[in-house]
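Reading through the structure tokens given below for one structure.
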Amino acid sequence: MAEKTPVMEKVVAVNGNMITVEYTHRVMQNEVAFVHVGDSRLKSEVIRIRGNRADLQVFESTNKMKVGDDVEFTGELLSVELGPGLLKQVYDGLQNPLNLLAEKSGFFLQRGIYLSALDRTALWDFTPIAKVGDKVRRGDRLGSVPEGIIKHYIMLPFAWRGAWVVKSIVAPGQYNIDTTIAVVENERGETRNVTMTQFWPVKIAIDDYSEKLLPEETLVTQQRSIDTFFPVAVGGTFCTPGPFGAGKTVLQHAISQHAQTDVVVVAACGERAGEVVEILREYPELEDPRTGRSLMDRSIIICNTSSMPVAAREASVYTAVTLAEYYRQMGLNTLLLADSTSRWAQALREMSGRLEEIPGEEAFPAYLESLISGFYERAGLVKLRTGETGSVTIGGAVSPAGGNFEEPVTQATLKVVGAFLGLSRERSDARRYPAIHPLESWSKYKSLVDPAKLAMARSILRRGSDVNQMMKVVGEEGTSIDDFIVYMKSEFLDYVFLQQNTFDAEDGASSAERQRGMFDDVCRVLESDFTFADKESARVYFLELRQLYLDRNYMALNSAEYREQKARIDQKISGSLKNA
Amino acid sequence: MRKVYHKIIRIAGNVITVEADDVAYNELAEVSGLRGVSLAQVIRLDGRKVSLQVFAGSRGIGTDDEVRFLGREMQVSGSDALLGRVFNGRGASRDHRPDITENLIDIGTPSVNPAKRVIPRHMIRTNIPMIDVFNTLVESQKLPIFSVAGEPYNELLSRIALQAEVDVIVLGGMGLKHDDYLTFKRTLDEHGALSRTVMFIHTASDPVVECLMVPDMCLAVAESFALKGKRVLCLLSDMTNFADALKEISVTMEQIPATRGYPGDLYSQLAARYEKAVDFDGAGSITILAVTTMPGDDVTHPVPDNTGYITEGQFYLRNGRIEPFGSLSRLKQQVNGRTRPDHRAIMDAMIRLYADFKSTLEKQSMGFKMSNWDKKLLKYGARFEKEMMSLAVNIPLEAGLDLGWRILADCFDRTEVGIKSDLLAQYWPEK
């Protein structure tokens, strides 16, 4: 492609991170431009064009900017670079590698420094797939390189429309990402060099697949209240709204560690830097039991924390989903966790305010809803043109103002997701973690366990909660012993199954097998008719039973002590049955 | 010599607009008028129109007053000479001693690269069981105290500051009552901590715009000490006044308000300050303790609400004690796994039982018969409030844990507390 000469324009107004430019040449909506301030070039994006003026959001601090400063338009949309070496990386919202940035500029994120997203010198073991003379189109696989345990396919860039013929392709061997690995020619006789990388505009979905399929398989996250009660499907969407302190981030971390998926993209969007540091420092040390390698090997972290420039925060969720879609194209299952989508919505609100648009509810822009659904719709299980399937599962944390789920971001999200894991203050205050509310949450996906038994367990939870409410009015003495037992059963289910100690190695992650076994064991108690002399003895019995189950939750599955404990539990149950 | 401008075309609130050329965003200017010289800062550029917020307020500014741009942004000294000194919201001396102008550094610097942070690992001991046992404070944490007017939040701040083993204390007062400022000063002085303290004080009677600079100034100073390897504790009281000052300016600038008149970027503005809390990889640390007063005791008010989403937990101070519900230290897991094996178990069990106690209290107040279990809970709750929750209690963490076991054992049987059996075997006190 011919080098374009940059088009230069001038700044005429500065308002926070929004600037206005008077233009004389062609400009594009969402075009990337660089503002020259002193020695630095600050990345920005066109967000509105009116008359001969374009409004741009600047992805950096606008400190020291002056009216009359030069603005260089690039003619490109905001894009990310795709290629081998994305895994294990930690990027900011614009795909700047933070580790390299730290080497270059020290403790602080100096503005105007943009580094290559991928290592340009590393050598990759390339194996060709396509042959000279093959007819190929965008997204077709020309070869592959091993990236950790993943077979990373080198594909014809998705942006190259039309039919192409392979004119040459390199022999197997070690190459860096900028080596021309193939030359292709289209019908018009135009030839292009293919390297291992390509660019794709983040705000446009990669749509190279034959069809979208219905997500049906349960994604095992090893969190019992999710997989059993409110499951998420491979290729599905879910949201975890909750007030602050209810454990959204801890839950997201647990899911990112334990979910059975090939690639995890974590987008820390406008949240605390400290939480990202935990991932950065701990994941390289943690082992992924599925592969025996470090958790970092399957992760990409996009980190645009709350004090980083707000416009880049808006870009970060798109950067993250584009990377997830890219790995989906290789036939992999990817999981994107965005914490938190409310911060992204707030970034939209800030810009909308500066643009002086007519505000919608709570001053969010009127187009908030369509942007949120557009984002979640990028999830899905797809059948690729190769016949394989690949998926992007999206889980978004939502931080509703005041913990009130009626606010616009939560409501817009609820309309488009397949599972709602509502975290409640009431449960987190009582230290019942994860604080997913068992009565208010819902899921449209299939559970790990038998639906009939699940319905029974749900009804116990509901009735137990009713009895609890009633007891507050009529007191314990006004409650029948049968009702009281239902209440004790629901509390038992809550304590030994729904509650899970994330910080314990055993209890923190329950495999599908363990969950099914545990659930059957718990159901035995829920289904049994017990006979007790009075409420006090019922309480004592259930507390003792709870202790036995709780202790077992901390034991390794099928270990000797686990089996002994099961025997103790069986004895305890059969001792108190009505028909025994 | 920089050019002087005389044409002020708009004065609204504390914001003036002047026609000028070659002015940089965020640049400082001096406005000279009848009432003397005041600093001002550029907050919007539109063609030749330059809007500035005037620190001393716009009262008495005339349309032909002199505006002289300084060609630099707000700066503060980063030198060791600051220790023991008191400054106002503009960084000028407040203690009748000379201003300090050496080693000037910018305020409101870029954020720290997350790759240069380390996971915080050091507990800050306060000898307050509600903090040490239940919501451990950790070095480099950012934590607000949510409270209502009249609660002893400033006393709590100074008590923690004195107990904590830090190298430097930076105190930022925003809209502080003059009495409170004097009390802070006296308390620090009495305990010999004044010589390691720097104060930036904006009192309730000072111009509002000066309040906006206080957090940035404190944190820039804190950062310069932390980069020299010092462990810094930054106290900010009260951040709600800071947010109100932001609101005032944004309304003057005719920005569309988000909720209750606060600007849409309130979250980002607060986060830019709180996120300065850091444990540097290879240098010192900054811990931030702030006071956020909740208007009308309403935690869903935009200021405490946005704060809660930014900070690493919060302490609720109510009726003179730290409430166990809602109070949270998000970093406690980083340290409480290595204090004593029973720390987490005691922490969870005692709070769960206290929640049960609260619902029993409700039942009792409705006149229901108390079961055996209820009676146990009542006994437990009373002892918990008296021996653990009271701020008068001053004991180290280990003594706090032992006390916890004793209270549990006095009130319950082993199986009733929901603690793993191996811990019970090790710690359950025999009667």
Which of (1) within 23 Å of the chain's Cα centre (by Cα); (2) modelled with pLDDT under 95 is the odd one out, the single condition A:Gly390 does not satisfy? (2)
Does A:Val317 qualify as being part of a strand (DSSP E or B), surrounded by 24 or more Cβ atoms within 10 Å (Cβ to Cβ) and either among the aliphatic types (A, V, I, L, M) or assigned by TED's automatic domain parsing to the domain that holds A:Cys239 (or both)? no
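What are the residues in segment B:336-374 that are small (Gly, Ala, Ser), in contact with a helix residue (DSSP H, G or I) (Cβ under 9 Å, 6 or more places away or on another chain) and outside any helix (DSSP H, G or I), if any? Step through it out loud before you land on a result.
Step one: filter segment B:336-374 for residues small (Gly, Ala, Ser), giving B:337, B:345, B:349, B:355, B:359, B:365, B:367, B:371.
With in contact with a helix residue (DSSP H, G or I) (Cβ under 9 Å, 6 or more places away or on another chain) added as a condition, the list becomes B:337, B:345, B:349, B:355, B:359, B:371.
Result: B:Gly337, B:Ser371.
Condition check ((1) assigned to a loop (DSSP other than H, G, I, E, B); (2) more than 14 Å from every other protein chain (Cβ to nearest Cβ)) across all residues:
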| residue | (1), (2) |
| --- | --- |
| B:Gly71 | yes, no |
| B:Gly91 | yes, yes |
| B:His96 | yes, yes |
| B:Ile100 | yes, yes |
| B:Pro110 | yes, no |
| B:Ala115 | no, no |
| B:Met130 | no, yes |
Pick from B:Lys386, B:Lys375, B:Lys358, B:Lys369: which is out of contact with any Phe, Trp or Tyr (no Cβ under 7 Å at 6 or more places or on another chain), free of Cβ contacts under 8 Å to residues at least 12 places away in the same chain, of a type in the set (D, E, K, R) and facing chain A (nearest Cβ under 10 Å)? B:Lys369
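Have a look at A:Leu98, A:Leu82, A:Leu78, A:Leu115 and point out the one that is touching a helix residue (DSSP H, G or I) at 6+ places or on another chain (Cβ under 7 Å) and facing another protein chain (nearest Cβ under 9 Å).
On the way: A:Leu82 fails: facing another protein chain (nearest Cβ under 9 Å); A:Leu78 fails: facing another protein chain (nearest Cβ under 9 Å); A:Leu115 fails: facing another protein chain (nearest Cβ under 9 Å).
Answer to the check: A:Leu98.
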I'd like to check something: does segment A:89-109 contain any residue that is among the acidic types (Asp, Glu), out of contact with any Ser or Thr (no Cβ under 6 Å at 6 or more places or on another chain) and touching a residue at least 12 places away in the same chain (Cβ under 8 Å)? yes
Apart from one, (1) away from every other protein chain (no Cβ under 14 Å); (2) under 32 Å from the mean Cα position of the chain (by Cα); (3) outside any loop (DSSP other than H, G, I, E, B) all hold for A:Asp55; the odd one out is (1)
Qualifying residues in segment B:28-69 (those that are under 27 Å from A:Asp70 (Cβ atoms) and among the aliphatic types (A, V, I, L, M)) - the one farthest from the other protein chains (Cβ to nearest Cβ): B:Val67
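Can you name the residue in segment B:359-378 that is of a type in the set (D, E, K, R) and surrounded by 15 or more Cβ atoms within 10 Å (Cβ to Cβ) and, of all such residues, is nearest to B:Cys411 (Cα to Cα)? Break it down stepwise before answering.
Applying the first criterion (of a type in the set (D, E, K, R)) to segment B:359-378 yields B:362-363, B:369, B:374-376.
Next, only the ones that are surrounded by 15 or more Cβ atoms within 10 Å (Cβ to Cβ) stay: B:363, B:374, B:376.
Details: B:Lys363: 19, B:Asp374: 11, B:Lys376: 6 Å.
Selected residue: B:Lys376.
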Picking from A:Arg349, A:Arg343, A:Arg272, A:Arg313, the residue that is within 14 Å of chain B (Cβ to nearest Cβ), without any contact (Cβ under 8 Å) to a residue 24 or more places away in the chain and within 27 Å of B:Thr109 (Cβ to Cβ) would be A:Arg349
Under 8 Å between Cβ atoms, at least 6 apart or on separate chains: pull out the pairs that start in segment B:7-27 with a residue that is away from every other protein chain (no Cβ under 13 Å) and in contact (Cβ under 8 Å) with a residue 40 or more places away in the chain and end on any residue that is acidic (Asp, Glu) and not in a loop (DSSP other than H, G, I, E, B). B:Lys7/B:Glu19; B:Ile9/B:Glu19; B:Gly13/B:Glu248; B:Asn14/B:Glu248
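Taking segment B:242-253 as the region of interest, how many residues are under 19 Å from the mean Cα position of the chain (by Cα) and either surrounded by fewer than 22 Cβ atoms within 10 Å (Cβ to Cβ) or not assigned by TED's automatic domain parsing to the domain that holds B:Gly84 (or both)? Spell out how you get there, then give the answer.
So the first thing to find is which residues in segment B:242-253 are under 19 Å from the mean Cα position of the chain (by Cα), and the list is B:242-247.
Restricting the remaining residues to those that are either surrounded by fewer than 22 Cβ atoms within 10 Å (Cβ to Cβ) or not assigned by TED's automatic domain parsing to the domain that holds B:Gly84 (or both) gives B:244, B:246-247.
So the answer is 3.
Residues checked against (1) surrounded by 20 or more Cβ atoms within 10 Å (Cβ to Cβ); (2) under 23 Å from A:Leu332 (Cβ atoms):
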position: A:Leu156; (1), (2): yes, yes
position: A:Val165; (1), (2): no, no
position: A:Gln174; (1), (2): no, no
position: A:Val184; (1), (2): yes, no
position: A:Asn193; (1), (2): no, no
Only one of (1) within 14 Å of chain A (Cβ to nearest Cβ); (2) modelled with pLDDT of 90 or more; (3) out of contact with any Asp or Glu (no Cβ under 6 Å at 6 or more places or on another chain) fails for B:Pro120. Which number is that? (3)
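Of A:Leu86, A:Leu101, A:Leu142, which residue is assigned to a helix (DSSP H, G or I) and surrounded by 22 or more Cβ atoms within 10 Å (Cβ to Cβ)?
Details: A:Leu86 fails: assigned to a helix (DSSP H, G or I); A:Leu142 fails: assigned to a helix (DSSP H, G or I).
Going through A:Leu86, A:Leu101, A:Leu142 in turn, just one is assigned to a helix (DSSP H, G or I) and surrounded by 22 or more Cβ atoms within 10 Å (Cβ to Cβ): A:Leu101.
What about B:Ala245, is it over 23 Å from B:Leu188 (Cα atoms), small (Gly, Ala, Ser) and touching a residue at least 60 places away in the same chain (Cβ under 8 Å)? Break it down into steps so the answer makes sense when it comes.
Details: over 23 Å from B:Leu188 (Cα atoms): yes; small (Gly, Ala, Ser): yes; touching a residue at least 60 places away in the same chain (Cβ under 8 Å): yes.
Yes.
Okay, residues lined up against (1) outside the structural domain of A:Lys248 (by TED's automatic domain parsing); (2) buried (at least 16 other Cβ atoms within 10 Å of the Cβ); (3) modelled with pLDDT under 95:
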site	(1), (2), (3)
A:Ala455	yes, no, no
A:Gly464	yes, yes, no
A:Gly475	yes, yes, yes
A:Thr479	yes, yes, yes
A:Asp482	yes, no, yes
A:Phe492	yes, yes, no
A:Thr502	yes, yes, yes
A:Gln515	yes, yes, no
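Does at least one position in segment A:377-397 carry a residue that is within 14 Å of chain B (Cβ to nearest Cβ) and either buried (at least 23 other Cβ atoms within 10 Å of the Cβ) or over 30 Å from A:Ser144 (Cβ atoms) (or both)?
Applying the first criterion (within 14 Å of chain B (Cβ to nearest Cβ)) to segment A:377-397 yields A:397.
Filter once more, so that each one left must be either buried (at least 23 other Cβ atoms within 10 Å of the Cβ) or over 30 Å from A:Ser144 (Cβ atoms) (or both): A:397.
Checked against the condition, which is being within 14 Å of chain B (Cβ to nearest Cβ) and either buried (at least 23 other Cβ atoms within 10 Å of the Cβ) or over 30 Å from A:Ser144 (Cβ atoms) (or both), segment A:377-397 yields at least one hit.
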For B:Val198, only one of the following conditions fails: (1) β-branched (Val, Ile, Thr); (2) crowded, with 22+ Cβ neighbours inside 10 Å; (3) not in a strand (DSSP E or B). What is its number? (3)
Restricting segment A:125-159 to residues that are over 29 Å from the mean Cα position of the chain (by Cα) and of a type in the set (Gly, Ala, Ser), the residue that is farthest from A:Gln174 (Cα to Cα): A:Gly133
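When you check B:Lys420 against the structure, is it farther than 26 Å from A:Leu548 by Cα, within 14 Å of chain A (Cβ to nearest Cβ), among the basic types (Lys, Arg) and under 38 Å from the mean Cα position of the chain (by Cα), yes or no? I'd like the intermediate steps shown before the answer.
Details: farther than 26 Å from A:Leu548 by Cα: no; within 14 Å of chain A (Cβ to nearest Cβ): yes; among the basic types (Lys, Arg): yes; under 38 Å from the mean Cα position of the chain (by Cα): yes.
Considered against the rule, which asks whether it is farther than 26 Å from A:Leu548 by Cα, within 14 Å of chain A (Cβ to nearest Cβ), among the basic types (Lys, Arg) and under 38 Å from the mean Cα position of the chain (by Cα), B:Lys420 comes out as no.
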For residues that are facing chain A (nearest Cβ under 7 Å), in a loop (DSSP other than H, G, I, E, B), surrounded by 19 or more Cβ atoms within 10 Å (Cβ to Cβ) and not polar (S, T, N, Q), tally how many sit in segment B:254-283. 3
From the options B:Ile322, B:Ile288, B:Ile346, B:Ile310, residue that is facing chain A (nearest Cβ under 8 Å) and either of a type in the set (A, V, I, L, M) or buried (at least 22 other Cβ atoms within 10 Å of the Cβ) (or both): B:Ile310
Can you tell me how many residues within segment A:525-572 are more than 12 Å from A:Phe492 (Cα to Cα) and either away from every other protein chain (no Cβ under 14 Å) or outside any helix (DSSP H, G or I) (or both)? 21
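The values are calculated or read from the model by the stated rules, or taken from the named source; none is laboratory data. A quick note: this is a predicted structure, and the numbers were derived from the prediction, not measured. All Cβ positions, even for glycine, are placed from backbone atoms using ideal geometry, and neighbour counts span all protein chains on display.
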